Amino acid sequence: MPPNFKTEEEIYNDLKSGVQNEIPEITNWSPGGVARAILSVVAAAIRLLYVVLQTLYFNMFPQDADRESLKRYYDEWGLTWNDPDIQTARSTVLNKYRENSVIGTKKWYEDTVKDQFAVVTEATLIPNYRGPGTADLVVTHHNRPLFRSDIEDIQDYFDQDANKVIGMDLLVKTTGEENVPQI
């Protein structure tokens, strides 16, 4: 079961209940009141932490996830877990990321290239390597360079509209090429 990521209102109500139990003398909870204002700010800050944790939770490791972790993704997104093979489950999770606008994250690029291209065993995205709005995706096969045809296939895949992030100039490279970032 995935963790419960509370809303700002739920956090505020929890804080308010705690304060009411500990300090019953505070009774002015009207809008504009000092107690309400303080708890609202604290609730917003805590919610921000929940958002960061939620992002980390869903971005952890779909490409290398075990069955139990993949099942958590299915549960969170309301998908039916009918005991698929591990590769199908990973592909489903990555496709769900795409639907939920996770496309374009560093982890998404690295996981997607390994999922879509069996020849790729390692992938590292280096943002802004050639300047703002650029990213270099360095791919290898067990720390060895890929063939030029494989690099072109990967580049073509990420140049498709469904996989392209607007405003991002992505360049796929492999080790041994000129201007390859050190990873």
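Hey, could you check region 15-53 for residues that are surrounded by 14 or more Cβ atoms within 10 Å (Cβ to Cβ) and among the charged types (D, E, K, R) and say which is nearest to Tyr73 (Cα to Cα)? Here the answer is Arg47.
Is it true that Leu56 is surrounded by fewer than 13 Cβ atoms within 10 Å (Cβ to Cβ), within 30 Å of Gly133 (Cβ to Cβ) and either among the aromatic types (Phe, Trp, Tyr) or at pLDDT 80 or above (or both)?
Numbers: surrounded by fewer than 13 Cβ atoms within 10 Å (Cβ to Cβ): yes; within 30 Å of Gly133 (Cβ to Cβ): yes; either among the aromatic types (Phe, Trp, Tyr) or at pLDDT 80 or above (or both): no.
In short, no.
When you go through (1) at pLDDT 80 or above; (2) exposed (fewer than 13 other Cβ atoms within 10 Å of the Cβ); (3) not assigned by TED's automatic domain parsing to the domain that holds Gly176 one by one for Asn95, which number turns out not to apply? Unmet condition: (1).
Residues are listed down the side, and each one gets a yes or a no for (1) modelled with pLDDT of 75 or more; (2) assigned by TED's automatic domain parsing to the domain that holds Thr175; (3) charged (D, E, K, R):
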{"site": "Gly78", "(1), (2), (3)": "yes, no, no"}
{"site": "Asn82", "(1), (2), (3)": "yes, no, no"}
{"site": "Asp85", "(1), (2), (3)": "yes, no, yes"}
{"site": "Arg90", "(1), (2), (3)": "yes, no, yes"}
{"site": "Val113", "(1), (2), (3)": "yes, yes, no"}
{"site": "Phe117", "(1), (2), (3)": "yes, yes, no"}
{"site": "Thr121", "(1), (2), (3)": "yes, yes, no"}
{"site": "Ala135", "(1), (2), (3)": "yes, yes, no"}
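The values are calculated or read from the model by the stated rules, or taken from the named source; none is laboratory data. This one's a predicted model, so the numbers in the text were calculated from it and none came from an experiment. When we count neighbours, we look across all protein chains shown, and the Cβ atoms used for this are built from the backbone with ideal geometry, even at glycine.
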